[in-house]
1. Filter the stretch 114-142 down to the residues that are in a loop (DSSP other than H, G, I, E, B) and more than 15 Å from residue 52 (Cβ to Cβ) and list them by number.
2. If I filter the stretch 17-45 down to residues being loosely packed, with under 11 Cβ neighbours inside 10 Å and polar (S, T, N, Q), which single residue comes out as farthest from the chain's Cα centre (by Cα)?
3. If you check every pair at least six apart or on different chains, which have Cβ atoms under 6 Å apart with a residue in the stretch 8-29 that is in a helix (DSSP H, G or I) first and a residue that is open to solvent by 40 Å² or more (accessible area, probe 1.4 Å) and aromatic (Phe, Trp, Tyr) second?
4. Mind listing whichever residues of the stretch 104-137 are among the aliphatic types (A, V, I, L, M) and either at pLDDT 85 or above or over 13 Å from the mean Cα position of the chain (by Cα) (or both)?
5. Of the numbered conditions (1) open to solvent by 80 Å² or more (accessible area, probe 1.4 Å); (2) at pLDDT below 90; (3) among the hydrophobic types (A, V, I, L, M, F, W, C), residue 79 fails exactly one; give the number of that condition.
6. Just to check your reading of the model, which residue among 50, 101 is assigned to a helix (DSSP H, G or I), modelled with pLDDT of 85 or more, within 17 Å of the chain's Cα centre (by Cα) and within 18 Å of residue 129 (Cα to Cα)?
Amino acid sequence: MYAICLRYAKNQMDAEDILQDAFVKLFSNLYKFRGEGSFEGWVRRIFVNTAIEHLRRNNIKFSESDGFENVIVDKQENALECLYQKDLIKTSMKLSEGYRTVFNLYAVEGYSHKEIAARLGITESTSKSQFSRAKAILRDVLQNKSTQKNLNVVA
């Protein structure tokens with residue numbers, strides 16, 4: 001669960017705060033679990049919701065959509081699939097809070113842009129724009145890493 005918190009936090013200290021708050025919520029609401037669906041999914045949702053609440057309290061900033069999501073073309077759809085989860089978390093930490101939050105909710109947690117918009121209080125197009133920008137930034141970072149590794153192998 002710490003990995004979930006770390007994906008949404010600015011730093012380790014914030015992730016630990018989110019983790020602690022989420023465990024408090026988990027244990028105080030354990031009696032509400034009805035056994036409909038997986039326990040892991042129920043717990044995961046508590047941790048993600050706690051992280052989102054934490055971001056809202058800290059006034060996370062999202063830039064409004066400017067149609068940018070329609071400009072980005074997916075050159076390598078599988079680029080992110082090639083990373084290990086640890087590398088993805090480490091690389092996504094370089095994103096701004098807004099980009100990282102939307103990226104995690106969409107790509108990692110599987111929320112739709114409509115659900116993300118409702119949870120974060122933004123428009124659906126802003127969610128799409130944030131995701132597209134995050135993907136573009138991650139793609140550039142990954143391509144630069146790949147280029148550097150290839151140069152090291154040749155040298």
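The values are calculated or read from the model by the stated rules, or taken from the named source; none is laboratory data. None of the values given here were measured: they were computed from a predicted structure. Please note: Cβ atoms are built from the backbone with ideal geometry, for glycine as well, and neighbour counts cover all protein chains shown. For accessibility, only protein heavy atoms count, side chains too; no ligands or nucleic acids. Shrake-Rupley method; radii C 1.70, N 1.55, O 1.52, S 1.80 Å.
1. 123
2. Filtering the stretch 17-45 for residues that are loosely packed, with under 11 Cβ neighbours inside 10 Å and polar (S, T, N, Q), the one farthest from the chain's Cα centre (by Cα) comes out as 28.
3. So the pair list comes out as 19/2.
4. Within the stretch 104-137, 105, 107, 116, 117, 118, 120, 122, 134, 136, 137 qualify.
5. Going through the list (1) open to solvent by 80 Å² or more (accessible area, probe 1.4 Å); (2) at pLDDT below 90; (3) among the hydrophobic types (A, V, I, L, M, F, W, C), residue 79 breaks only (1).
6. None of the others qualify; the one that does is 101.
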